[in-house]
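Everything below concerns the one structure shown next.
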Amino acid sequence: MPELQVLVVDDEPAIRQVLAAALGKAGYATEVAASGAEALAKLDKTPFDVVLSDVFMPVMDGIELLKQARARGHGATFIMVTAFASVDSAIDAIKAGAWDYITKPVRHEEILHRLEQIE
(Lines give C-alpha, C1' and ligand atoms only; values in the text may rest on other atoms or scores of the structure.)
Protein backbone atom coordinates (compact mmCIF):
# COMPACT_ATOMS: atom_id res chain seq x y z
CA MET A 1 0.00 0.00 0.00
CA PRO A 2 1.30 3.49 -0.81
CA GLU A 3 3.02 5.34 2.00
CA LEU A 4 2.99 8.87 0.64
CA GLN A 5 1.03 11.66 2.29
CA VAL A 6 -0.50 13.91 -0.36
CA LEU A 7 -1.91 17.42 -0.05
CA VAL A 8 -4.34 18.40 -2.83
CA VAL A 9 -4.57 22.18 -3.32
CA ASP A 10 -7.22 23.61 -5.63
CA ASP A 11 -9.68 26.48 -5.36
CA GLU A 12 -12.38 24.41 -7.09
CA PRO A 13 -14.18 22.18 -4.53
CA ALA A 14 -15.21 19.53 -7.07
CA ILE A 15 -11.64 19.02 -8.27
CA ARG A 16 -10.33 18.78 -4.70
CA GLN A 17 -12.96 16.20 -3.81
CA VAL A 18 -12.53 14.07 -6.93
CA LEU A 19 -8.73 13.99 -6.68
CA ALA A 20 -8.76 13.30 -2.93
CA ALA A 21 -11.28 10.49 -3.40
CA ALA A 22 -9.24 8.87 -6.17
CA LEU A 23 -6.02 9.12 -4.18
CA GLY A 24 -7.69 7.82 -1.04
CA LYS A 25 -9.12 4.86 -2.96
CA ALA A 26 -5.58 4.10 -4.18
CA GLY A 27 -4.40 4.03 -0.55
CA TYR A 28 -2.74 7.42 -0.24
CA ALA A 29 -3.19 9.46 2.95
CA THR A 30 -4.73 12.60 1.48
CA GLU A 31 -5.78 16.01 2.76
CA VAL A 32 -7.13 19.00 0.87
CA ALA A 33 -6.66 22.76 0.95
CA ALA A 34 -8.75 25.39 -0.84
CA SER A 35 -6.02 28.03 -1.08
CA GLY A 36 -2.31 28.61 -0.96
CA ALA A 37 -2.55 30.07 2.55
CA GLU A 38 -4.47 27.05 3.82
CA ALA A 39 -1.91 24.76 2.17
CA LEU A 40 0.99 26.54 3.87
CA ALA A 41 -0.73 26.23 7.25
CA LYS A 42 -1.18 22.48 6.68
CA LEU A 43 2.42 22.09 5.49
CA ASP A 44 3.59 23.78 8.70
CA LYS A 45 1.74 21.12 10.74
CA THR A 46 2.16 17.96 8.65
CA PRO A 47 5.20 16.66 6.74
CA PHE A 48 3.48 15.95 3.41
CA ASP A 49 5.48 14.01 0.86
CA VAL A 50 3.67 15.40 -2.18
CA VAL A 51 1.71 18.57 -2.90
CA LEU A 52 -0.59 18.38 -5.90
CA SER A 53 -1.38 22.04 -6.56
CA ASP A 54 -3.38 24.00 -9.08
CA VAL A 55 -1.25 26.68 -10.71
CA PHE A 56 -3.87 29.41 -11.07
CA MET A 57 -5.67 30.26 -7.82
CA PRO A 58 -6.81 33.60 -6.42
CA VAL A 59 -4.60 35.52 -3.97
CA MET A 60 -1.69 33.04 -3.93
CA ASP A 61 -1.10 30.94 -7.03
CA GLY A 62 0.50 27.52 -6.97
CA ILE A 63 3.93 28.76 -7.99
CA GLU A 64 3.96 31.29 -5.14
CA LEU A 65 2.81 28.51 -2.81
CA LEU A 66 5.77 26.42 -3.95
CA LYS A 67 8.20 29.30 -3.44
CA GLN A 68 6.88 30.05 0.04
CA ALA A 69 6.91 26.36 1.00
CA ARG A 70 10.57 26.12 -0.06
CA ALA A 71 11.39 29.34 1.82
CA ARG A 72 9.91 27.75 4.97
CA GLY A 73 12.05 24.64 4.48
CA HIS A 74 9.34 22.25 3.30
CA GLY A 75 10.77 19.54 1.09
CA ALA A 76 7.54 18.11 -0.33
CA THR A 77 7.56 17.12 -3.98
CA PHE A 78 5.32 19.51 -5.91
CA ILE A 79 3.26 18.47 -8.90
CA MET A 80 1.61 21.45 -10.54
CA VAL A 81 -1.75 21.08 -12.30
CA THR A 82 -3.41 23.59 -14.59
CA ALA A 83 -6.23 23.97 -17.07
CA PHE A 84 -4.41 26.93 -18.63
CA ALA A 85 -1.09 25.43 -19.61
CA SER A 86 1.55 27.61 -21.19
CA VAL A 87 5.23 27.24 -21.80
CA ASP A 88 5.89 30.24 -19.55
CA SER A 89 3.96 28.85 -16.58
CA ALA A 90 5.59 25.44 -17.01
CA ILE A 91 9.05 27.03 -17.03
CA ASP A 92 8.18 29.16 -14.00
CA ALA A 93 6.96 26.07 -12.12
CA ILE A 94 10.06 24.02 -12.91
CA LYS A 95 12.39 26.92 -12.06
CA ALA A 96 10.61 27.30 -8.71
CA GLY A 97 11.28 23.64 -7.98
CA ALA A 98 8.22 21.73 -9.22
CA TRP A 99 8.86 18.08 -9.96
CA ASP A 100 6.19 17.86 -12.64
CA TYR A 101 3.55 19.87 -14.50
CA ILE A 102 0.26 18.30 -15.62
CA THR A 103 -2.62 19.74 -17.62
CA LYS A 104 -6.30 19.41 -16.75
CA PRO A 105 -8.46 17.51 -17.15
CA VAL A 106 -6.31 15.17 -15.10
CA ARG A 107 -6.69 11.45 -15.62
CA HIS A 108 -6.49 9.63 -12.30
CA GLU A 109 -4.21 7.01 -13.83
CA GLU A 110 -1.77 9.77 -14.79
CA ILE A 111 -1.61 11.13 -11.23
CA LEU A 112 -1.23 7.64 -9.77
CA HIS A 113 1.58 6.89 -12.22
CA ARG A 114 3.39 10.10 -11.20
CA LEU A 115 3.02 9.23 -7.52
CA GLU A 116 4.41 5.73 -8.13
CA GLN A 117 7.49 7.35 -9.69
CA ILE A 118 8.02 9.38 -6.50
CA GLU A 119 7.69 6.46 -4.08
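Solvent-accessible surface of protein heavy atoms, probed at 1.4 angstrom with all chains present, puts HIS74, HIS108 in the order HIS108, HIS74, largest first. For ASP61, no residue has an amide H sitting under 5 Å from its own, ignoring neighbours fewer than 5 places away on the same chain, with H placed 1.01 Å from N.
Evaluating 6.51 cos²θ - 1.76 cosθ + 1.60 at θ = phi - 60° for every residue in the stretch 54-66, the Karplus couplings come out as 5, 7, 9, 9, x, 6, 10, 7, x, 5, 5, 4, 4 Hz, glycine and proline recorded as x. A simple rule links phi to the HN-Hα coupling: the Karplus curve 6.51 cos²θ - 1.76 cosθ + 1.60 with θ = phi - 60°, which for the stretch 19-36 gives 5, 4, 5, 5, 5, x, 4, 7, x, 7, 6, 10, 10, 10, 9, 8, 7, x Hz, with x for Gly and Pro. Need one word for the stretch 64-119: rounded, prolate or oblate. Basis is the Cα gyration tensor (sqrt eigenvalues a ≥ b ≥ c); a/c below 1.5 gives rounded, then a/b vs b/c decides. Oblate, because a/c is 1.5 or more while a/b does not exceed b/c.
Backbone amide hydrogens, once placed in the peptide plane, bring VAL8 within less than 5 Å of GLU31, VAL32, ALA33, LEU52, excluding anything fewer than 5 places away on its chain.
Only one residue of LEU4, ALA20, ALA90 has its Cα farthest out toward the positive end of the dipole of the chain, where Lys and Arg carry +1 and Asp and Glu -1 on Cβ, and that residue is LEU4. Shape call for the chain from the C-alpha gyration tensor, a ≥ b ≥ c root eigenvalues: rounded (a/c under 1.5), prolate (a/b greater than b/c) or oblate? Rounded is the answer for the chain, as its axis ratio a/c remains below 1.5. With helices as the sole contributors, the chain gives -13500 deg cm²/dmol at 222 nm; each DSSP H run of n ≥ 4 counts as -39500 (n - 2.57), and the sum is divided by every residue.
Need one word for the stretch 1-58: rounded, prolate or oblate. Basis is the Cα gyration tensor (sqrt eigenvalues a ≥ b ≥ c); a/c below 1.5 gives rounded, then a/b vs b/c decides. Present the calculation step by step, with values, prior to reporting the outcome.
Working: a/c = 2.43, a/b = 1.25, b/c = 1.94.
Oblate is the answer for the stretch 1-58, as a/c is 1.5 or above yet b/c matches or exceeds a/b.
The values are calculated or read from the model by the stated rules, or taken from the named source; none is laboratory data. Owing to the predicted nature of the structure, the values given are computational and were not obtained by experimental measurement. All Cβ positions, even for glycine, are placed from backbone atoms using ideal geometry, and neighbour counts span all protein chains on display. Surface areas here come from the heavy atoms of the whole protein model, side chains and all, with no ligands, DNA or RNA. Shrake-Rupley method; radii C 1.70, N 1.55, O 1.52, S 1.80 Å.
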